[in-house]
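Worksheet: one structure, shown below.
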Amino acid sequence: MPDPRPAVAVRSSSADRALDLLARHADDPSAVLALDDDTCGFVAPGIDGFVAYRRRGRWLLQIGGAYAAEADRLPLWRAFMAYAEQHHCRVLAVQLQERDARDAWRLGFTVNQLGASYALEIASFGLSGRHFMQLRNKISRARRADVSVEHIRFGDLSNSDRAELDALDAEWLAGKHAKPLRFMVGRLGGRGEPLRRMVIGRLDGRVVGYLSLSRVFGTRPGWLHDLSRRAAGAPPGVMELLVADSFDRLGSDAGQWWHFGFTPFSGLDPVREFPGASRTVARLTRLLAEHGQRIYPSASQVDYKRKWGDLEVLPDYLAFSGRPSLGGITALIRTANLL
């Protein structure tokens with residue numbers, strides 16, 4: 001269903017402005033998702049900012065907070081809520097960091113933890129000590145297998161490289177018997193391309209693994225490790241080598257962070273819940289954290305992230321305008337391509 005004005009898509013004509021707004025105002029590691037090709041941007045007269053969202057039926061699914069200056073965030077969000085009400089829609093916002101979750105709570109949203117993001121200050125990382133012995137061994141195996149590592153801006157990839165990456169994606173998804181996730185997961189290319197760089201592992205000239213990194217702004221600037229793929233039959237340790245090589249290249253910049261991204265149903269802490277949080281949503285997320293591995297492999301993802309050392313755990317929230325609704329959850333699941 002097309003969205004009437006004043007909401008407009010943040011497309012090629014305004015992509016540079018959106019990038020500038022993210023650089024100045026974003027404080028969440030997944031802000032690049034606001035530039036997905038299928039995501040629209042709501043703008044309000046007189047406010048230099050936007051809200052990223054997709055429409056699903058009677059739901060406006062918002063990704064991140066209001067990307068604007070501090071004094072403009074609440075007015076922009078109020079304008080977006082008024083737009084939703086005008087078109088008989090409700091708002092469900094996801095992947096809110098604590099700052100934006102607090103904004104939502106101040107506006108009367110019901111705010112609950114959904115999971116956590118994990119971050120590591122690169123300068124503090126080192127591979128010495130017993131804790132990293134297995135990690136060192138994996139990296140050494142990949143190096144002995146003559147895996148080479150290349151860092152390249154996404155826009156500089158050749159057509160043949162892009163074809164290899166597409167083939168690797170298809171192979172990886174077939175092996176997982178999964179559909180590609182959308183909305184809350186990064187994709188290669190699109191309007192976020194200027195924020196992306198690729199770390200590619202090659203063996204005998206063939207791509208055997210890659211990382212997609214996205215620029216992160218705000219209080220923990222650095223890079224988001226938002227996509228990774230490993231070819232079937234690739235030497236052990238390829239992915240670990242790509243991450244470690246990235247640390248070596250990026251670690252000289254003081255204050256740089258490596259963000260491992262959002263993992264749903266993890267890092268849940270009752271102390272971090274906001275007043276008025278839904279008990280039903282809290283019970284559901286705890287249940288999925290304990291027994292939901294068939295739905296999403298949160299535990300294995302967190303284990304992988306924690307093997308890199310002591311990480312900062314950043315709670316991620318979702319927020320309903322009004323009380324939570326099964327219809328909103330269903331709209332989110334379908335938009336994210338989980339079913």
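Just so it is clear, none of the values below were taken in a lab; they were calculated from the coordinates. The structure displayed is predicted, hence computed values, not measured ones. Heads up, the Cβs are rebuilt from the backbone with ideal geometry, glycines too, and the neighbour counts pull from every protein chain shown.
Please provide three numbers in whole Å: the alpha-carbon extents of region 212-329 along the principal axes, with the largest listed first.
46, 36, 25
Putting +1 on Lys and Arg Cβ atoms and -1 on Asp and Glu Cβ atoms, find which of 232, 210, 199 reaches farthest to the positive end of the dipole of region 120-260.
After comparing all options, I get 232.
If you take the Cα atoms of region 129-238, find Rg, then find the Kirkwood Rh from the mean of 1/r over all pairs, what is Rg/Rh?
Ratio value, two decimals: 0.98.
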